[in-house]
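Peer 1: Just dropping this structure here.
Bear in mind that the values in this text are calculations on the coordinates, not laboratory data. Note that the coordinates shown come from a computational prediction; the quantities given were computed from them, not determined experimentally. Because the Cβ atoms are built from the backbone with ideal geometry, glycine has one as well, and the counts that use them run over all protein chains shown.
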Amino acid sequence: MNMDTGKNPDSSGDSLAEILKRDFGDGLLHEQRTLTGMPVFWVTRDALTDVLGYLKGLTAPFDLLYDLSAIDERLRSDRQGLPAADFTVFYQLLSISRNADIMLKVALSADDLSLPTAVEVFPAANWYEREVWDMFGITFAGHPHLTRILMPATWSGHPLRKDYPARATEFDPYTLTVEGQDTEQEAMRFDPEAWGMQRERQGVEFMFLNLGPNHPSAHGAFRLVLQLDGEEIVDCVPDIGYHHRGAEKMAERQSWHSFIPYTDRIDYTGGVMNNLPYVLAAEKLAGIEVPERVKVIRVMMAEMFRITSHLLFLGTYLQDLGAMTPVFYTFSDRQRGYEVIEGITGFRMHPAWYRIGGVMQDLPQGWEKLVQGFLDWMPSRLREYERAMMENAIVRDRTRHVAAFSTAEALEWGVTGPNLRATGCNFDLRKQRPYSGYEQFDFDVPLGHNGDVFDRGQLRIEEMRQSLRIIQQCVNHMPAGDYKADHPLTTPPPRERMLEHIETLITHFLQVSWGPVLKPQESLQMVEATKGINSYYLTSDGNTMSYRTRIRTPSFPHLQQIPSVMRGGFVPDLIAHLGSIDFVMADVDR
């Protein structure tokens, strides 16, 4: 379809559904009603890339490919009149200017698992399509390099298919012979030609260097293969998956409640921030409205973890730039934050403290003094970090105008959170789409100007200041009330009631042994997590566990962007850029 119509495609005032029906006719198959908070349209395979291009070309464009994944429909019993499909591939697009999302779905049969690639429309589709091929075996015609991304190159099968085993006991015992080890090692050998790289230029050979998978600047098991001409980075290939644990597969075998501790381990520096989108999405499925006290407690603890995560970032960021001392100071302050977190939740990094319908327990006696002590301590520390570090001439020389990218480039690669706001783009879900009561809080959204390494560091110091403002308001205005909803699908009822009523006893027994049963539906919740936008897209088939849990993490697209930022740069600038991204590999690989 010719996209250049010479007019604004949505200037008529028609709804998006009417526009798509008018311009694509039979290409639009079905509009699905969900609890995702966005329009969901099923389109034909032939119309897919045209519709994607059309939406990206609107005057107020859907300019960010937020997520792309799939679902194996073959065991799903309640599909609510949806188009026939063995597998479904979905595309979630986000529009900054509209502050809105749209989801497209394509139905596929098991004997024809192929789609056209969307890389020409959205470059960020590259890794997402590789992940769908890796996990589901769905191919994308025209993809530049459709190979495994999370699993080893020698892996057999596609793990997120429903007929693929979910437990180690369902596999044969693992053995690795000397011959097998040689095979695995050979599969790791980098082949430049396979990635379209030349081995030499004008008779001079390039150097191919492995940075990682074990390297201090890689912040985890992450490998970057660099094509070098001296110190200049001609090109590079990020290699992920070393930390992959199959969190989405685990979700298919855990009850709605028992999966909560697994969420802590995604961005393992984010703690309860990981619980938040999951429990909010589950509460949408269950129809639970939590008390005001729960909302404020959740916000307070999420912002505490934002601070501890940013302190870890700040110390390692400056360490990557060559400063050894700051990491000791930031870890000392981070310890103070964890003392508050431990005093309230009983745990430090992984409290798994939020619950569907509330939190694990009420705030302990004396919590206000504990939190206030941290709030009184931190402001002067942040100012000291700025004076000693960010205003340091050496730090500024190493970070100003280094690895810079614009808002348009950030959106092209799916960048969100502080790294997007460092380009000057004012988009923070806590303001644009308040959740868990964020609309009740007074705080500012810090913005950068140059989108460079310096702005990404400075912006996170400002974000910590705003988090302190939010937590202070939580201390000053903590509502009275219960710490969980009075709802049969939330945490078990009080023991005294359980002993009085047989119905309550039955509910308690079922909740503990099976977990709640949630009605067939789909829900999605996005939150402004520590490293960008994190979301859980839950599909319920009317069971005690999720049929499909899609975990979209911010660090995955952030690492995919590295080559486009670093081509033509230098190795020391790459190290600075890696430190400024703020990623952990569990957030990438899941």
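Peer 1: Enumerate by residue number the trypsin sites (Lys or Arg not before Pro) in region 543-579 meeting two conditions: DSSP loop (anything except H, G, I, E, B), and at most 14 other Cβ atoms within 10 Å of the site's Cβ.
Peer 2: Those satisfying the criteria are Arg567.
Peer 1: Tell me which residues come under 5 Å, amide H to amide H, from Cys236 once H is placed; ignore anything under 5 positions away on its chain.
Peer 2: Gln227
Peer 1: At q = 0.16 Å⁻¹, work out log10 I(q)/I(0) for region 16-141 with the Debye formula, treating every Cα as an identical point scatterer and leaving solvent out; two decimals please.
Peer 2: -0.76
Peer 1: Further question on the same structure: Hey, if you drop one equal point scatterer on each alpha-carbon of region 230-379 and run the Debye formula without solvent, what base-10 log of I(q)/I(0) do you get at q = 0.15, 0.18, 0.21 Å⁻¹?
Peer 2: At q = 0.15, 0.18, 0.21 Å⁻¹ the computed log10 ratios are -0.88, -1.11, -1.31.
Peer 1: Mind scanning Lys369/Lys431; Lys21/Lys431; Lys431/Lys519; Lys105/Lys431; Lys21/Lys56 and naming the pairs with a C-alpha gap bigger than 27 Å?
Peer 2: Cα-Cα > 27 Å for Lys369/Lys431; Lys21/Lys431; Lys431/Lys519; Lys105/Lys431; rest within.
Peer 1: In region 222-282, which trypsin sites (Lys or Arg not before Pro) are in a loop and have at most 15 other Cβ atoms within 10 Å, using DSSP for the loop call?
Peer 2: Arg245
Peer 1: For region 152-196, report the % of Cα-Cα distances exceeding 14 Å.
Peer 2: For region 152-196, the share of Cα pairs beyond 14 Å comes to 67 percent.
Peer 1: Can I ask one more? In whole angstrom, how far apart do the alpha carbon centroids of region 395-450 and region 206-261 sit?
Peer 2: 24 Å
Peer 1: Compute the relative contact order of region 120-224 as a whole-number percentage, counting only Cα pairs closer than 8 Å that sit 6 or more residues apart in sequence.
Peer 2: 14 percent
Peer 1: Does region 241-305 classify as rounded, prolate or oblate by the C-alpha gyration tensor (a ≥ b ≥ c root eigenvalues; a/c under 1.5 gives rounded; else a/b over b/c gives prolate, otherwise oblate)?
Peer 2: oblate
Peer 1: Ok, one more. For Met585, Met197, what's the fewest-to-most ordering of other Cβ within 10 Å of each Cβ?
Peer 2: Fewest-to-most ranking of Met585, Met197: Met197, Met585.
Peer 1: What's the long-distance tail for region 472-555, i.e. % of Cα pairs beyond 20 Å?
Peer 2: Value for region 472-555 (Cα pairs over 20 Å): 58 percent.
Peer 1: Treating cross-link reach as a plain straight distance, find the lysines whose alpha-carbon is under 18 Å from the alpha-carbon of Lys162, omitting any fewer than eight places away in the same chain.
Peer 2: Cross-link targets: Lys249.
Peer 1: Something else about it: What is the Cα coordinate range of the chain on the first, second and third principal axes, sorted by size from largest, in whole angstrom?
Peer 2: Each principal axis gives a Cα extent; for the chain these are 85, 65, 62 Å.
Peer 1: Go from 0 up to the bin containing the longest alpha carbon distance in region 247-589, width 10 Å each, and give me the % of pairs per bin.
Peer 2: That works out to 6, 25, 32, 23, 10, 3, 1, 0, in percent per bin.
Peer 1: Something else about it: Suppose a student asked you for the relative contact order of the chain, using Cα pairs under 8 Å spaced at least 6 residues apart; what percent would you report?
Peer 2: RCO, the chain: 17 percent.
Peer 1: Distance in nm between label sites at His449 and Gln365, each 7 Å beyond Cα in the beta-carbon direction?
Peer 2: Distance between label points: 5.3 nm.
Peer 1: Hey, can you list the DSSP H helices of the chain whose Cα span along the axis is 24 Å or longer and whose average Kyte-Doolittle score is at least -1.0?
Peer 2: Helices meeting the criterion: 292-320, 326-345, 367-385, 453-476.
Peer 1: Measuring from centroid to centroid over Cα atoms, what is the spacing of region 91-136 and region 358-381 in Å?
Peer 2: Between the Cα centre of region 91-136 and that of region 358-381, the gap is 43 Å.
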